[in-house]
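What follows is one structure encoded as structure tokens, with my remarks underneath.
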Amino acid sequence: MLNDSWPLPHAIAYGGDYNPEQWPREVWDDDVALMRQAGVNLVSVGIFSWALLEPEEGVFDFGWLDELLDLLHANGIAVDLATPSVSPPAWFFAAYPQAQVRNADGVTMGFGSRGMASHASPEYRAAIVRVADALARRYGQHPAVVLWHVHNEYGVPVGEDFSEQSVRSWRQWLQQRYGTLAALNEAWGTAFWGQWYHHWEHVVAPATTPTTINPAMKLDWARFTDDQLRECFRLERDAIRAHAPQPITTNFMAHQSWNTDLWKWAQEVDIVSDDHYLWSPDPEAHVALALSADLTRSVAGGRPWILMEHSTSAVNWQGRNIAKEPGEMQRNALTHVGRGADAIMFFQWRASRSGAEKFHSAMLPHAGPSSRVFREVTELGSQLKQLGELQDSRVRAEVAVLYDWESLWAQDLQWRPSDDLQFRERMRTFYERLWRDGVPVDFAHPGDDLSGYRLVVAPASYLLTTADAANLTSYVRTGGTLLVSCFAAAVDSHDAVHAGGFGAPLADALGVRVEEYRPLRAGSTCTVAFGEHTLEADVWTEDLVLDGAEVLGRYGSPAKGGATAGAPAITRHRAGEGTGWYVSTRLGLDALAPVLEAVYADAGIVPADHPEGVELMTRHGQNHDYVIAVNHRDEEVTVAMDGTNILTGDRLGGELRLSAGRVAVVRTVASLRVPTPDHPQLISTQ
Ligand code: GAL
């Protein structure tokens, strides 16, 4: 239940996880003094503090937390108060060993880490409600507390749980979902390999099996796991809500999560928050960051959201943990702002001396306040202070990219036609094409109302229900432009091939059906003749049967096993008032460029005209628009623009000069917003 009350009115929140329990009391005073110096106005407290708060079952010690919240409040620093449910104390597992998580191989996850508790365990559930209730009663009226932070990153490190209780809950969940065993057998296609169930108590969880497991069962297991996590969130949230008026959140991990369907989760929180870390092997990690930020804003329904965690420099959990370049942290942070974040937070305030994360960067690193990182942290704090007027300004997009966690779960199952065609890769490549073209996007679920978008792109819609396909079809028929990438609408919600064959539910919108998938051998490529272009493709081809579509691209040089030369590869179909495009092969970034150019022309989208490597994002406010410009290049660039650079106070005389690696936030006159005739509900920013 997303709510519009922002915890810090008219300000961009700034801070991070604060774990003072790892330090002697006298350090706390240094901390708050340095926080003030750095411009910190919000910290997340108590995420891992259960063992201190409840040293024995039912016995609470709030003394240290009382003192801490008072100290922070006296220094003008607001608190995002966490519940510690991600890390139950040692006594809990000693008392309730049955609440430990068991993995798919039957191994019990031991104490000494975090996230070890079974979300199905009644003892765990009772304990998390007791702590949330105690915290909310004690601090619900505390003036420092402006936000509640339930748990930490649901589904990580543990989502799936094969403990006895979890398997019992699974059977109950299935009984509720299917009612009868006959319905379950039907949905799971248990006629295949003789897997019929005749008794509920024989229904197993998808633990380790000799060979590939029933995919429909595995897909339901993903739904069940997600539901279990969400049930635990709701228990804590409701315990807090009974005594505390502040908004409640939990930190998501957008494109980096697997276990959580964030379209559903966003309905449960008051404010969406997200954690994002750069993946160092990715040379263009800032594109993944942008994708994650756009996805987060989209699940938040366009409302302001919180970047709950990112890093000031290196993380510690990748094979090679690369420190950020000078200025990179600022680019990262302001890109999140440009894509709708109204809070910039880090893991964590002060680097830990002990424990698993001592090599992780922090706002205050081991090197102390004289370090480069702390100087940059302080600079960023003062910049964000100048950006208070951006709070609640909104991002707008004319393009929606379809993103469905169920389709991700399904496509990730085993024994697909090719391991090389991956949901995340397709999502990233299509997104990056749009990013490079300077076309702002929202993400959407295929069942959403899409009528406000000129263009809808479906990079990875392997699982598409007939209802969602009908939604896309009516979007096209009423004037929308739809671009669908290969291996789409193959299966329904039980991972069963659609009646009528691959892609059948989209045949009306696309004017084409798929007769056979023809994936390529590793390393093979083929070409597609598209107008004057010869596009290079790899991994995947399809045999298409035309059903009204025109052919705009044909397979050229065939790869062995792939579609034959001259066969249709890229099609376009007029359906009703709109147009459906289909790309039946895997095109890379460059090959997608001319295809997207043609699709933009159909949809009436004008890509931004700006230098390559410069990221421009616009937030629309009541009286002004704000352009956040990030220069990812190693040289100065010039961009045509009018307005005032808020960060420097400079008035621009028609152009913004941005030196290498720098960022500007430009206040411009709000653009004219006129509904266009063919999209009366659409806001034009031309
Ligand atoms: C996050 C987690 C934090 C910290 C951080 C390190 O996923 O929520 O507690 O571990 O990673 O990058």
### Query
Picking from 105, 133, which residue would you name as being surrounded by fewer than 20 Cβ atoms within 10 Å (Cβ to Cβ) and assigned to a helix (DSSP H, G or I)?
133
### Summary
Within segment 143-172, residues farther than 22 Å from residue 86 by Cα and buried (at least 19 other Cβ atoms within 10 Å of the Cβ) come out as 144
### Summary
When segment 295-329 is checked residue by residue, the ones that are among the aliphatic types (A, V, I, L, M) and within 15 Å of the ligand (Cβ to nearest atom) are 306, 307, 308, 314, 315, 322, 323, 329
### Task
Within segment 317-365, count every residue that is of a type outside the set (A, V, I, L, M, F, W, C) and surrounded by fewer than 14 Cβ atoms within 10 Å (Cβ to Cβ).
9
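Every residue, every condition in (1) buried (at least 19 other Cβ atoms within 10 Å of the Cβ); (2) touching a helix residue (DSSP H, G or I) at 6+ places or on another chain (Cβ under 9 Å), yes or no:
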site	(1), (2)
396	no, no
399	yes, yes
412	no, yes
423	yes, yes
428	yes, yes
### Complete set of residues in segment 330-347 that are within 16 Å of the ligand (Cβ to nearest atom) and farther than 15 Å from residue 392 by Cβ
332, 333, 336, 344, 345, 346, 347
### Query
Hey, residue 120 hits all of (1) of a type outside the set (Val, Ile, Thr); (2) more than 27 Å from the chain's Cα centre (by Cα); (3) away from the ligand (no atom under 16 Å from the Cβ) but one; which does it fall short on?
(2)
### Query
Does residue 290 satisfy being within 30 Å of residue 433 (Cβ to Cβ) and away from the ligand (no atom under 14 Å from the Cβ)?
yes
### Query
If you check every pair at least six apart or on different chains, which have Cβ atoms under 6 Å apart with a residue in segment 89-113 that is touching a residue at least 40 places away in the same chain (Cβ under 8 Å) first and a residue that is of a type in the set (Val, Ile, Thr) second?
100/108; 101/158; 102/108; 104/208; 105/208; 109/101
## Note on the structure
Counting only residues in segment 35-47 that are out of contact with any helix residue (DSSP H, G or I) (no Cβ under 8 Å at 6 or more places or on another chain) and not charged (D, E, K, R), the one nearest to the ligand (Cβ to nearest atom) is identified as 47
### Task
Among what's in segment 177-203 and is touching a residue at least 24 places away in the same chain (Cβ under 8 Å) and over 31 Å from the mean Cα position of the chain (by Cα), pick the residue that is surrounded by the fewest Cβ atoms within 10 Å (Cβ to Cβ).
201
### Query
Which residue pairs have Cβ atoms under 8 Å apart, sit 6 or more places apart or on different chains, and have a first residue in segment 44-56 that is without any contact (Cβ under 8 Å) to a residue 40 or more places away in the chain and a second that is crowded, with 22+ Cβ neighbours inside 10 Å and in a helix (DSSP H, G or I)?
45/20; 45/65; 45/68; 45/69; 45/72; 49/65
### Message
Just to be sure before I move on: is residue 276 in the same structural domain as residue 332 (by TED's automatic domain parsing) and more than 11 Å from the chain's Cα centre (by Cα) in the structure I sent?
### Response
no
### Task
Go through segment 12-34 residue by residue and tally those that are without any contact (Cβ under 8 Å) to a residue 40 or more places away in the chain and within 16 Å of the ligand (Cβ to nearest atom).
0
### Message
For segment 477-552, give me every one of the strands (runs of 3 or more DSSP E) that falls completely inside it and has 2 or more residues that are in contact with a helix residue (DSSP H, G or I) (Cβ under 8 Å, 6 or more places away or on another chain), within 13 Å of residue 580 (Cβ to Cβ) and modelled with pLDDT of 95 or more.
### Response
481-485
### Task
Being assigned to a loop (DSSP other than H, G, I, E, B) and farther than 20 Å from residue 308 by Cβ is the filter here, so list the residues in segment 136-168 that pass it.
140, 141, 142, 143, 160, 161, 162, 163
### Task
Mind listing whichever residues of segment 633-652 are among the β-branched types (Val, Ile, Thr) and more than 11 Å from residue 667 (Cβ to Cβ)?
637, 638, 639, 648
### Query
With respect to residue 298, is the statement that it is polar (S, T, N, Q), surrounded by 19 or more Cβ atoms within 10 Å (Cβ to Cβ) and either at pLDDT below 95 or at negative phi (or both) true?
yes
### Pick from segment 143-165, criterion of a type in the set (D, E, K, R) and away from the ligand (no atom under 13 Å from the Cβ), ranking: farthest from residue 106 (Cα to Cα)
160
### Task
Show the residue pairs that are 6+ apart or on different chains and have beta-carbon atoms under 6 Å apart, the first residue being within segment 350-371 and within 14 Å of residue 312 (Cα to Cα) and in contact (Cβ under 8 Å) with a residue 40 or more places away in the chain, the second being within 11 Å of the ligand (Cβ to nearest atom) and part of a strand (DSSP E or B).
363/16; 363/346
### Query
Looking at 382, 407, which one is crowded, with 22+ Cβ neighbours inside 10 Å, part of a helix (DSSP H, G or I) and out of contact with any Pro (no Cβ under 6 Å at 6 or more places or on another chain)?
407
### Query
Wholly within segment 562-669, which strands (runs of 3 or more DSSP E) include no fewer than the required count, namely at least 1 residues that are under 27 Å from residue 328 (Cβ atoms)?
614-620, 624-631, 637-640, 643-645, 655-658, 663-669
### Query
Among the candidates 133, 105, which residue alone is away from the ligand (no atom under 16 Å from the Cβ) and touching a helix residue (DSSP H, G or I) at 6+ places or on another chain (Cβ under 6 Å)?
133
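The values are calculated or read from the model by the stated rules, or taken from the named source; none is laboratory data. If you're wondering where the values come from, they're calculated on a predicted model, not measured in any experiment. So basically every Cβ, Gly included, is an ideal-geometry build from the backbone, and we count neighbours across all protein chains shown.
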